[in-house]
Amino acid sequence: MIGVKVREDSPLERLHAALRTLAAAELPGWEPLATRAATRVRSAGELLFDAGETPGQLFWVDAGYVVLEVSTAGGRTRTKSIVEGGELLGSVEVLRGEPSSYRARCLTRVVVTALPLAAVLALTRERLEWARALSARLTEVAQQRERRERELLLLTPEERWDALQRTRPALVAAVAQVELAPLVGVTPVALSRLKRRAREARAAR
């Protein structure tokens, strides 16, 4: 078996731990795969991949924030989600080897580890543990999408902003308002007004 020395606090080891958690088991074939992993630091504004591309890698965001964006027929950009350190990028289309319908853009300095997608998919066909790990991640993505759709349909902008501040305070502190506004489902100007009203309401109490 091919061995690879990995620090316990390294991005690669954190990825390994996350995959083991998803699989609820050890992962046969991890060590040979780990020798083909690449960890890079990306700057704010860089793309991990663009819409229409077929990513040949499976990305683990170890630190920082990455926004997933789609473009409408009218040329507008919509935010699907913002991925943070400790998450694996994944979608059904990417795992099928199809072109991505969204782009992944770094909002901050990002530390990302990439695994060769073809090798990962080969392991999912050969090993139940790997298939279970990828299936569990896709389930998480589906749940996140349903939660976001529910928030956009049922909550007011004020409630969505309150929820974002409450559940993801580090994101709110790290990312510019112009990037947060689409996640809330409003324009940057509307978010400024919303924040001002919230401050005034607190001051009046």
Search result, residues across the range 84-93 that are hydrophobic (A, V, I, L, M, F, W, C) and either in a strand (DSSP E or B) or at pLDDT 85 or above (or both): Leu88, Leu89
Total residues in the range 64-78, condition part of a loop (DSSP other than H, G, I, E, B), more than 19 Å from Pro11 (Cα to Cα) and modelled with pLDDT of 95 or more: 0
In the range 111-147, the residues that are part of a helix (DSSP H, G or I), among the hydroxyl-bearing types (Ser, Thr, Tyr) and crowded, with 16+ Cβ neighbours inside 10 Å: Thr124
Considering residues of the range 46-63 that are out of contact with any Leu (no Cβ under 8 Å at 6 or more places or on another chain) and at pLDDT below 95 only, the residue nearest to Ala118 (Cα to Cα): Thr54
Residue within the range 25-38 that is assigned to a strand (DSSP E or B), within 18 Å of Val175 (Cβ to Cβ) and at pLDDT 95 or above present: no
The range 163-196: number of residues that are part of a helix (DSSP H, G or I) and in contact (Cβ under 8 Å) with a residue 12 or more places away in the chain: 16
Matching option when the condition is assigned by TED's automatic domain parsing to the domain that holds Gln143, touching a residue at least 40 places away in the same chain (Cβ under 8 Å), part of a loop (DSSP other than H, G, I, E, B) and surrounded by 13 or more Cβ atoms within 10 Å (Cβ to Cβ), among Ser81, Ser101: Ser101
Residues being farther than 15 Å from Arg145 by Cα and hydroxyl-bearing (Ser, Thr, Tyr) - total across the range 74-102: 2
Unique residue being at pLDDT 95 or above and of a type in the set (S, T, N, Q) when the list is Thr156, Thr167, Thr139, Thr108: Thr108
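The values are calculated or read from the model by the stated rules, or taken from the named source; none is laboratory data. Quick caveat: nothing in here was measured; it's all calculated off a predicted structure. Virtual Cβ from ideal backbone geometry, glycine too; neighbours counted across all protein chains shown.
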